[in-house]
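The values are calculated or read from the model by the stated rules, or taken from the named source; none is laboratory data. Note that the coordinates shown come from a computational prediction; the quantities given were computed from them, not determined experimentally. Heads up, the Cβs are rebuilt from the backbone with ideal geometry, glycines too, and the neighbour counts pull from every protein chain shown.
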Amino acid sequence: MKKIQDFQPFNQWNPSYPEEFRPIDLRPFDAPFEVLAKWYRWMADQGFAWAQSSLANCYLKGLGVVFQDYSEAIRWYRLAAEKGQAKAQNALGAMYEHGMGIQQDWKEAVKWYHKAAEKGFNLAKSNLGAMYYEGKGVSQDYTEAVKWFNLAAKKGIAVAQNNLGVAYHQGNGVPQDQMEAAKWYRLSAKRGYADAQYALGMMYLNIDGNGISQDHKRAIKWLRLAAKQGDLRAHYNLGVMYYQGDGVPQDYSEAVKWYQQAAMQDFHLARQNIGMMYERGEGLPQDYEKAAKWFSLTAAQGLREGQFKLGDMYEHGKGVLQDWKEAEKWYRLAAEQGYAAAQHNLGVMYERGNGVPQDWEEAEKWYRLAAKQGYTEAQFKLAITYSSGQDMPQDNIEAHMWLNSVSSDLLDDLSSTISSETSPRVKKLFSRTLSGAGLRGISRLVRGMISPIK
C-alpha cells in the first residue's frame, strides 16, 4: 500500500485558481443575471470600463448571457484593459496565460499582469510572481517572484500567501525556513485556499522533519478542509491514514471511502489502493475480478505498481484467465520503469521459460537489476546460482557478495527455498553464512578487491 511518505506532499501551483477570475462588480444590486447582463451591456456600450469588465465576466462564466463565450469575454476585457482598468488587465493576462479563447501567450500574459500590478491590483502581483517563479514568459527569477508574492500576501491574497509558503518551504528566493512556510500556509489556509490547507495538513503530519510539532488532530482538520474543496491529494492521504491507522483509528471502510472519492476523479494511486483492498478483502468483499479491473486502469495510466499487479494477476489467473504472455507484457512494462519486484518476476519467467524462451542470461540480467535495488529474493537467487555453478560459471566471491547483501533477519525465511535436491556446495555456503563462519574472511577478500573512489 502506498505510504504517505512516498507521495509528493506539495503541489506548487494552481494557476487556474478562481481568484484570477474573481467576480468583478458582478451584482451591484439584487437582480437576476439576465437583467444585470443587459444593464452591463448598455453601460459597456457607453464606454464605461467597469461595465465592460463586468460584461466580460458574464461571458466568461455564462451568466445572464445566451451562452458562455470566451472570445466575447476577451473582447470586452481588452476594451476595459486598454482604458487602464486593472481588474480587466489581470483577467486578460489570465486568459493569455491559460489560452482561454485565445492562443496561449505567456509574454502577453506577463505584460498585462505587470500593467495591473503597477496599478496596485494585488491579485495581479501574485500572478506576476508566479510567472517569475515558473519562468513563464520571463526568465526564471525566484527573488523577483518572492518580491511580488510578498506584496500581494501582505494584502491578504490567499494564493500569494500559499506561494510564499512554498518559496520558504523550498528555499527558493529566500532562505529555507519551515516555520515561516507554515506561517504563510496557515494564513492562506484560513482564507480557504485548498493548496495551503493541504500543505499545512501535511506539515502537521511531520513526514519530512520540517520542524513543526507533529499533530495528527490538526493534520486531519486541514486535510479534511482541503478534501471538502475537492483536493484529490487530501482525499488520497486521508485514505492512507485510515488504512494505516496513522493518527486515527484504523478503519478500512473509511479508507475505502476516501480512496473512492479520489479514484472517481482518475487519481491513479487511489485506484491502485482500491484494487489492493479488493484483492485482500480489506474494507471490501474479496473480489479478484474487481481487483484486476482496478489494476487495469492504473496499469493503462502507466503506474508501475499497477502494471506489476496486473502481471501478477495474469500469471496466477486471479480475476482473469491465466495468460503468461500478458503477464510477461505487464511485468516488462513495470520492470522497464525500475520496479524491482517486476524485474525479479521477469527474471523468474526467463529462468523457467514461462511465456518466454528459457534464457538464463536474460534472467540473470533482470535478477541483477532487482538485486541492485536491494530486492532480497533476487540477491538470494544470484547467490545460490553463482555458488552452484549450474546456470552460470561458478563464482564464490560473487555468491558471497550477494548472500551477504541479504538482511540477516530474512535469511531464515529464505532458507526454505533450499530444497533437498540442492547441491552440497550451496548448502554449505548457506549454512556458513548463517553462522557467520567463513563469511568474514570472504568479506575481507571482497573489500580488498575494491579500490577506493578518488
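Going through (1) over 27 Å from Met131 (Cα atoms); (2) part of a helix (DSSP H, G or I); (3) not β-branched (Val, Ile, Thr) one by one, Leu164 falls short only on (1).
Of all residues in segment 243-274, which are under 15 Å from Gly201 (Cα atoms) and part of a helix (DSSP H, G or I)? So that I can check it myself, show each step before the final result.
If we filter segment 243-274 for residues that are under 15 Å from Gly201 (Cα atoms), which is where we start, we get 246-248.
Result: no residue meets the conditions.
Filtering segment 57-113 to residues that are over 25 Å from Lys38 (Cα atoms) and over 31 Å from the mean Cα position of the chain (by Cα) leaves Lys111, Trp112.
Which of the residues spanning segment 339-394 are aromatic (Phe, Trp, Tyr) and at pLDDT 80 or above? Before the answer, list the steps.
If we filter segment 339-394 for residues that are aromatic (Phe, Trp, Tyr), which is where we start, we get 339, 350, 360, 366-367, 375, 380, 386.
Across segment 339-394, the qualifying residues are Tyr339, Tyr350, Trp360, Trp366, Tyr367, Tyr375, Phe380.
Restricting attention to segment 357-373 and to residues that are surrounded by fewer than 18 Cβ atoms within 10 Å (Cβ to Cβ) and closer than 16 Å to Lys329 by Cβ, the residue that is farthest from the chain's Cα centre (by Cα) turns out to be Pro357. Has segment 76-91 got at least one residue that is without any contact (Cβ under 8 Å) to a residue 60 or more places away in the chain and in contact with a Gly (Cβ under 6 Å, 6 or more places away or on another chain)? No, segment 76-91 contains no residue that is without any contact (Cβ under 8 Å) to a residue 60 or more places away in the chain and in contact with a Gly (Cβ under 6 Å, 6 or more places away or on another chain).
The set of residues in segment 303-322 that are in contact (Cβ under 8 Å) with a residue 12 or more places away in the chain and surrounded by fewer than 17 Cβ atoms within 10 Å (Cβ to Cβ) contains only Lys318.
Among the residues of segment 145-167, is there at least one that is touching a Phe, Trp or Tyr at 6+ places or on another chain (Cβ under 6 Å), farther than 18 Å from Leu187 by Cα and surrounded by fewer than 24 Cβ atoms within 10 Å (Cβ to Cβ)? No, segment 145-167 has no match at all. Looking only at segment 252-265, residues that are touching a residue at least 12 places away in the same chain (Cβ under 8 Å) and surrounded by fewer than 24 Cβ atoms within 10 Å (Cβ to Cβ) come to 8 in all. Might you check whether a residue that is of a type in the set (Lys, Arg), part of a helix (DSSP H, G or I) and either crowded, with 19+ Cβ neighbours inside 10 Å or in contact (Cβ under 8 Å) with a residue 40 or more places away in the chain (or both) occurs anywhere in segment 120-130? Yes, segment 120-130 contains a residue that is of a type in the set (Lys, Arg), part of a helix (DSSP H, G or I) and either crowded, with 19+ Cβ neighbours inside 10 Å or in contact (Cβ under 8 Å) with a residue 40 or more places away in the chain (or both).
Condition check ((1) surrounded by fewer than 21 Cβ atoms within 10 Å (Cβ to Cβ); (2) at pLDDT 95 or above; (3) in a helix (DSSP H, G or I)) across all residues:
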residue	(1), (2), (3)
Gln52	no, no, yes
Leu55	no, no, yes
Ala81	no, yes, yes
Gln104	yes, yes, no
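Sub-9 Å Cβ pairs linking a first residue in segment 209-236 that is without any contact (Cβ under 8 Å) to a residue 12 or more places away in the chain to a second residue that is assigned to a loop (DSSP other than H, G, I, E, B) and among the polar types (S, T, N, Q), at least 6 apart or interchain, are Ser213/Asn206; Gln214/Asn206; Asp215/Asn206, ordered by first then second residue.
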